[in-house]
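What follows is a short report on a single structure.
The values are calculated or read from the model by the stated rules, or taken from the named source; none is laboratory data. Computed from a predicted structure; not experimentally measured. No Cβ is skipped: glycine too gets one built from the backbone with ideal geometry, and neighbour counts run over all protein chains shown. Areas reflect the complete protein model, heavy atoms only, side chains present, ligands, DNA and RNA absent. Shrake-Rupley method; radii C 1.70, N 1.55, O 1.52, S 1.80 Å.
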Amino acid sequence: MKKGKIILVSFLSLIVILGCIFYVPQFRVRLFVLSYHEQIEEGIAQNEGVPASDALIGGYKYVDTWSEKPRMTEFVLLEYGDNYYGCYYSPEDIPFSFQNITDTLTEDGKNRWEWQLDEHNGYTSKIFDNWYYFKAIY
């Protein structure tokens, strides 16, 4: 009887841990980047631009692209009310605000930059070269 309870508790714990990994925005974004960064970088390099706005990558269709220099390709992966979470690829490895709405970023010295424009705010942090995580509150 005890062995059955231990297995059940272990199974439920695993479900909770996996749930946290897949629903905590930073984990989901990092998983997306690790899974698709090569495909995205290759696609951008091949046509000197960014994927089409209706591109389907990893099941995510919402892709914002900014073609002016410096440029970025942004993926909004999660939306919770007024909170947006995602990542972007920056070929020049430059941090941006959400949808590049402001160029005023405040660096904290630990690869994290905060921004604010009117009632909108958020932050971005470096995942690894050319890739950034963001959270935006609209």
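For segment 97-138, what does the alpha-carbon gyration tensor say about shape, rounded, prolate or oblate, given a ≥ b ≥ c as the root eigenvalues, a/c under 1.5 as rounded, and a/b over b/c as prolate?
Prolate, since a/c reaches 1.5 and a/b exceeds b/c.
What is the set of long-range amide H partners of ARG71 at a cut-off below 5 Å, with H atoms built 1.01 Å from backbone N?
Excluding prolines and chain starts, which carry no amide H, the hits are GLU92.
Work out from phi, with θ = phi - 60° and the Karplus expression 6.51 cos²θ - 1.76 cosθ + 1.60, the ³J(HN,Hα) of each residue of segment 118-134, listed in order in whole Hz, and give x for Gly and Pro.
Going residue by residue, I get 6, 8, 8, 7, x, 8, 9, 9, 6, 8, 7, 3, 6, 10, 9, 9, 9 Hz, with x marking Gly and Pro.
Taking a cut-off of 24 Å between Cα atoms, list the lysines near LYS135, but don't count ones fewer than 8 places away on the same chain.
LYS61, LYS69, LYS110, LYS126
In whole percent, how big is the carbon plus sulfur part of the accessible area of segment 91-135, probe 1.4 Å, protein atoms only? Please list the in-between numbers first.
Numbers: 950 of 2470 Å².
Result for segment 91-135: 39 percent of the exposed heavy-atom area is carbon or sulfur.
In a shell of Cβ-Cβ distance under 13 Å around TRP115, excluding TRP115 itself, what net charge do Lys and Arg (+1) and Asp and Glu (-1) give? Provide the component values of the computation, followed by the final result.
Values: positive: ARG112, LYS135; negative: ASP103, GLU107, ASP108, GLU114, ASP118, GLU119.
Value of the local net charge: -4.
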